[in-house]
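Below: the structure, in structure tokens.
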Amino acid sequence: MSAHVFNFDESWDIPGASVEEVYDVLARGELLPQWWKGVYLEAERLTPGDAPQVGARLRAKVRGFLPFTLNFMIEATELEPPRKVAVRTCGDLDGAWSATLTQRGDDVHVALLFEVKIDRPGMRFLAPVLWPLFALNHYWTTPQGEKGLKEYLKARRRDRSPALDQRFDIGT
């Protein structure tokens with residue numbers, strides 16, 4: 001395998017969630033900056049409509065702890081509600097990402113597969129020497145996503161829950 005190709009097989013466990021809730025967020029790439037804060041700086045949907053669909057594209061800008069940003073396109077390649085989201089990327093990152101969701105009691109297990117090539121010319125040239133830093137950069141960003149998704153879903157559930165009626169009917 002080339003020194004500029006990275007494969008990551010990881011997982012997240014999202015407590016107190018349903019596969020439908022997690023799928024709804026993961027299938028909407030335009031939400032990435034709202035929950036993967038500090039990593040996804042921008043995610044602009046380029047395809048008309050609001051519903052997730054195979055072929056939908058967006059433009060993304062990301063950063064990690066290394067001093068550079070990456071720009072790339074994301075295209076949905078596989079959507080199996082509520083079990084799987086897969087995308088292809090091209091630009092500074094060229095590759096594929098997929099998330100397979102499994103309900104485990106009250107929690108959701110998210111199996112993540114990343115296969116990415118660094119195609120930014122200067123970075124590709126340096127990849128053989130700097131691959132450990134690039135991998136560490138990935139391992140810094142991924143926990144940010146897991147933490148952000150948990151917080152986003154928790155806030156979303158809180159915002160959608162009906163307000164408690166604090167009024168009491170006191171009879172006379």
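Laboratory data are not the source of any read-out in this text; all were calculated from the coordinates shown. Computed from a prediction, not measured in an experiment: that's the story for all the values here. All Cβ positions, even for glycine, are placed from backbone atoms using ideal geometry, and neighbour counts span all protein chains on display.
Could you give the longest part of the chain that holds none of the trypsin sites (Lys or Arg not before Pro) found in DSSP loops with at most 15 neighbouring Cβ atoms within 10 Å?
By the stated rule (loop sites, at most 15 other Cβ atoms within 10 Å), 84-166.
Taking the Cα centre as origin and putting +1 on Lys and Arg beta-carbons and -1 on Asp and Glu beta-carbons, what dipole magnitude results for the chain, to the nearest 20 debye?
Magnitude of the dipole: close to 400 debye.
Given the options 103, 118, 15, identify the residue whose Cα lies farthest towards the positive end of the charge dipole of the chain (+1 on Cβ of Lys, Arg; -1 on Cβ of Asp, Glu).
So the residue we want is 118.
Listed here are the pairs 117/150; 37/154; 61/84; which of them are more than 21 Å apart at the Cα?
117/150; 61/84
Angle, helix 121-160 long axis vs. longest principal axis of the chain, Cα atoms, 0 to 90°, nearest 10?
10 degrees
Counting helices only, and only those DSSP H runs with n ≥ 4, report the 222 nm mean residue ellipticity of the chain as the sum of -39,500 (n - 2.57) divided by its residues, in deg cm²/dmol to the nearest 500.
Estimated from H runs of four or more residues: -10000 deg cm²/dmol.
In whole Hz and in residue order, list the ³J(HN,Hα) couplings for segment 12-21 that follow from phi through the Karplus curve 6.51 cos²θ - 1.76 cosθ + 1.60, θ = phi - 60°; x for Gly and Pro.
Couplings: 10, 10, 10, x, x, 10, 10, 4, 5, 4 Hz.
Report the convex hull volume per residue for segment 5-157, counting only C-alpha atoms, in Å³.
95 Å³
Please give the length that would be gained between residue 7 and residue 139 if that part of the chain were fully extended, namely 0.36 nm times their separation in residues minus their C-alpha to C-alpha distance (nm, one decimal).
Value of the extension gain: 46.3 nm.
Based on DSSP loop calls and a cut-off of at most 15 other Cβ atoms within 10 Å, the longest stretch of the chain free of exposed chymotrypsin sites (Phe, Trp or Tyr not before Pro) is what?
It runs 69-167.
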